[in-house]
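The values are calculated or read from the model by the stated rules, or taken from the named source; none is laboratory data. Here the structure is a predicted model, which means the values were calculated and not measured. All Cβ positions, even for glycine, are placed from backbone atoms using ideal geometry, and neighbour counts span all protein chains on display. The accessibility values were calculated without ligands, DNA or RNA, using every heavy atom of the protein model including side chains. Shrake-Rupley method; radii C 1.70, N 1.55, O 1.52, S 1.80 Å.
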Amino acid sequence: MKQTLFDKIWERHIVESVTDGLDVLYIDRQLIHEVTSPQAFEAMRRRGVKVFRPQQVTATPDHNTPTLNQHLPVREEASRKAIEALRQNCNDNGITIFDLNTEYNGVVHIVGPELGLTQPGMTIVCGDSHTATHGAFGCIAFGIGTSEVEMALATQCLLQSKPKQMRITLNGKLQYGVSAKDAILYLIARLTASGGTGCFIEYAGEAFRSMSMEERMTVCNMSIEMGARGGLIAPDETTFRYVRGRMYAPQGAEWEKKLSRWKTLFTDSDALFDKEYTFDAKDIKPYITYGTNPGMGLGIDEAIPPDESNIKALEYMGFRAGEKLLGKPVTYVFIGSCTNGRIEDFRAAAKIIKGRKKADNVFAYLVPGSKSVERQVREEGLAAIFEEAGFTFRQPGCSACLAMNEDKVPAGEYCASTSNRNFEGRQGAGARTLLVSPLTAAAAAVTGKITDPRELM
Amino acid sequence: MEKFDVLTTTCVPLNVESVDTDQIIPARFLKTTNRAGFGGNLFRDWRYDANGNPVPGFVLNNKAYGGQALVAGKNFGCGSSREHAAWAIADYGFRVVISPLFADIFKGNALNNGVLPVQVSETFVANIFAEVEKNPDTTITVDLPTQTITINSAGQSECFNINSYKKHCFINGYDDIDYLLSIKEKIEAYEVNE
């Protein structure tokens, strides 16, 4: 029987098949943060149930954390209490927490891979839809609700129906100045914000194969914006090189054993998918969204299409059909998030910003995805480049991606953002989000308007 | 979980596509560490203006509409996995959400909280909108045992799918976790073999 990569991982994790396509799926790794876990711990206390495998659970506060002065107590009371609850729940249950203001704190989907918690062939869950990120390593990784967080904490298992499978093949190589973020925004625009609903996506083809792990993470991260529960890429030498030597990566003989198993993780030729799409990387240019879901995207030099279903979105965004975004003023820029808060993203931003100045009309949030990224940005001299240009380089957290902390975009303002969602009010009530790559965000930060980054490279 | 069998109710029509969970319950209300009280902020930024006054045009503020069923356009519940969205919908008093397409994570969260996601054709949903627009007192009947939904005034029915185990849970008020906790030995045996 020909199997897909997804089939191979799924089958290996079935504890039992219950009925009507429902499987008890074993979860290798669970990541938790402060927003979606407290009610799960509370429910377990009520039931008198303990955490089943605390060593397979890792925590990091990220959604509520401030991105300045992290050494001080968190100012907002509700945020502080949420973080304290996570700390308490971890201490009570023997769960490792990479706490605020400690060496490895950061956004949960950045911390997992960089510490080697994320490994090929695993099943990984987190009460966060961007858990899809970890699929970059050839994992079945998906977001869950709090009831499922409780199930996974209590039993290390979930009851799941196997999703349909989709393969997206992207042939060729991305052009100069076009990044992984542009590729995924292009794919979402082509397949729509619900094009992947009910599916898991395998990304295949030369374009993904030639991407770094960080670029692959950006792609898989946004699978959920197509409605897919997750997306994955078969592990290869790029993956193994990335994982090797990290804190939680297997060592010595164990490494060799794992490696030989990981090398079997690929889709057999002739395996069948429920849906197949093929695109060519040379057709992709820097991409940007104009509406209020991530599927409303276009090439940076294109005009907003006339479409009746866009009326509500365009009204919110203050745009008209037929307009181009190029040259539109922006007053906010956000570079960060689990989509684009890694070292390569800040290197890309620095490439544009170096030798230029922040535009006077722009307020920018430059937020590393983790303490490790923050350190690296400083060590490589990138922070100095940002600061010389008039930017503040902040401390890690989810920040303005969802504006749960103090980092918000005011009502009516436009923000060129490297995050993953342009929903109404996502970056603050009334805020207008334009999703872009780090290159395009940096270009907007120095020009004060939507600019094709290739003009500054 | 509360049991669900047959429900006849009026509907609240929200004729919008791709309603994301940030609209259902904005992130700034997710800081509380309990499950209760989210209904007051359901659709907060569509329902109230920046000063906290009700937005007159929004359907939850229209006294003509009420009931235990929310009817929405396709791709309902997309975006964030926050179960708070399902809690808010349940807390407000909805037991059923009807849409031509549900986002996967939302659908699972709804099912785990006694809110039945009823996925039917776009045509059928359009018919509900049309009937409710004609007469806000229009009732629908959601019959879970037979998996049918009926617009009572029009006499139109359509079937909907639900996983048979989930249906069993819904009718009897069982939670998934009860089953998982009951097979701990099997889970341990799986771990040994791995």
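Loop-resident trypsin sites (Lys or Arg not before Pro) (DSSP state other than H, G, I, E or B) in the range A:46-148 with no more than 15 further Cβ atoms inside 10 Å of their Cβ: A:50, A:75. For chain B, a Gaussian network of Cα nodes joined below 10 Å ranks B:99, B:164, B:121 by mean-square fluctuation, and the top entry is B:164. Remark on the range B:1-129: ratio of C-alpha radius of gyration to 2.2 N^0.38 Å is 0.98.
Between residue B:121 and residue A:164, the simple spin-label model (points 7 angstrom out along Cα→Cβ) gives 1.7 nm. Going Cα to Cα from residue A:358, which lysines come in below 18 Å? Please leave out same-chain ones fewer than 8 positions away. The reachable lysines, counting only those whose Cα sits under 18 Å from residue A:358, are A:328, A:449. Residues of the range B:2-35 with an amide N closer than 17 Å to a point placed 7 Å from the Cα of residue B:47 along the Cα-to-Cβ direction: B:11-16, B:19-32, B:35. Per-residue mean of foreign Cβ neighbours for A:395-404 is 2 (Cβ atoms of other chains, 10 Å radius).
Each residue, residue A:274 and residue B:191, gets one label point 7 Å from its Cα in the Cβ direction; the gap between the two is 3.2 nm. Along chain B, the exposed loop sites are chymotrypsin sites (Phe, Trp or Tyr not before Pro) outside DSSP states H, G, I, E and B with at most 15 other Cβ atoms within 10 Å, and the longest stretch free of them is B:59-173.
Max-minus-min Cα coordinates of the range A:303-419 on each principal axis give 50, 31, 22 Å, with the largest extent listed first. Here residue A:282 is the anchor, and the lysines within straight C-alpha reach of less than 20 Å, apart from those fewer than 8 places off in the same chain, are A:173, A:181.
Other protein chain C-beta atoms within 10 Å of residue C-beta, averaged over A:414-422: 1. Going from the chain on its own to the full set of protein chains, the range A:22-54 has these residues losing 40 Å² or more of accessible surface (heavy atoms, 1.4 Å probe, no ligands, DNA or RNA): A:22, A:26, A:35, A:39, A:47, A:52.
Calculated accessible area for chain B comes out at 40 Å² per residue, all protein chains present (probe 1.4 Å; ligands, DNA, RNA ignored).
Taking the square roots of five times each eigenvalue of the Cα gyration tensor of the range A:56-151, the equivalent ellipsoid has semi-axes of 24, 15, 12 Å, listed largest first. Here the label points at residue B:172 and residue A:261, each 7 Å from Cα along the C-beta direction, are separated by 3.5 nm in the simple model.
Applying the Karplus relation 6.51 cos²θ - 1.76 cosθ + 1.60 with θ = phi - 60° to the range B:72-88 yields 3J(HN,Hα) values of 9, x, 6, 6, 6, x, 6, x, 4, 7, 3, 6, 3, 5, 5, 4, 5 Hz, where x marks Gly and Pro.
Projecting the Cα atoms of B:79, B:170, B:149 onto the charge dipole of the range B:65-194 (Cβ charges, centred on the Cα centre) puts B:149 farthest toward the positive pole. Each Lys and Arg adds +1 at its Cβ and each Asp and Glu adds -1 at its Cβ; summed about the Cα centre, the protein assembly as shown shows a dipole of about 980 debye. Rolling a 1.4 Å probe over the protein heavy atoms gives chain A an accessible area of 34 Å² per residue. Structure remark: mean-square fluctuation, Gaussian network model of chain B, C-alpha springs under 10 Å; the largest value among B:140, B:171, B:149 belongs to B:171. Taking each residue as 0.36 nm, the span from residue A:351 to residue A:387 lengthens on full extension beyond its C-alpha to C-alpha distance by 11.6 nm. Burial here means at least 50 square angstrom less accessible surface with every protein chain in place than with the chain by itself, probed at 1.4 Å; in the range B:18-32 the buried residues are B:22, B:31. Measure nothing fancy, just the Cα-based angle from helix B:184-193's long axis to the longest principal axis of chain B, in degrees from 0 to 90, nearest 10. Approximately 60 degrees, to the nearest 10.
Using a probe radius of 1.4 angstrom, the carbon and sulfur fraction of the accessible surface of chain A is 48%. With the charge dipole of the range A:322-457 set up from +1 on Lys and Arg Cβ and -1 on Asp and Glu Cβ about the Cα centre, the Cα lying farthest toward the positive end among the listed residues A:382, A:326, A:399 is that of A:326. Only lysines eight or more places from residue A:8 in sequence, or on another chain, were considered; those with a Cα closer than 23 Å are A:162, A:164, A:257, A:258, A:263, A:275, B:186. For the residues B:60, B:181, B:111, a GNM of chain B with alpha-carbon springs under 10 Å puts the largest fluctuation on B:181. Chain B against chain A buries an accessible area of about 4500 Å², both chains summed, 1.4 Å probe radius. Could you work out [θ]222 nm for the protein assembly as shown from helices alone, using -39500 (n - 2.57) per DSSP H run of at least four and dividing by all its residues? Round to the nearest 500 deg cm²/dmol. Using -39500 (n - 2.57) per qualifying helix, the result is -9000 deg cm²/dmol. Rounded to the nearest 20 debye, the dipole magnitude of chain B is 440 debye, with +1 charges on Lys and Arg beta carbons, -1 on Asp and Glu beta carbons, and the Cα centre as origin. Looking at the range A:318-350, the trypsin sites (Lys or Arg not before Pro) that sit in a DSSP loop and have at most 16 other Cβ atoms within 10 Å of their own Cβ are A:320.
Using every pair of distinct Cα positions in the range A:218-316, the Kirkwood expression returns a hydrodynamic radius of 17.7 angstrom. Peptide A:146-158 has a mean of 6 when you count, residue by residue, the C-beta atoms of other protein chains within 10 Å of its C-beta. Computing FRET efficiency as 1/(1 + (r/R0)^6) for residue A:46 and residue A:308, where r is the C-beta to C-beta distance and R0 is 45 Å, gives about 0.40. Treating each Cα of the protein assembly as shown as an identical point scatterer and summing with the Debye formula, the log10 of I(q)/I(0) at q = 0.12 Å⁻¹ comes to -1.32.
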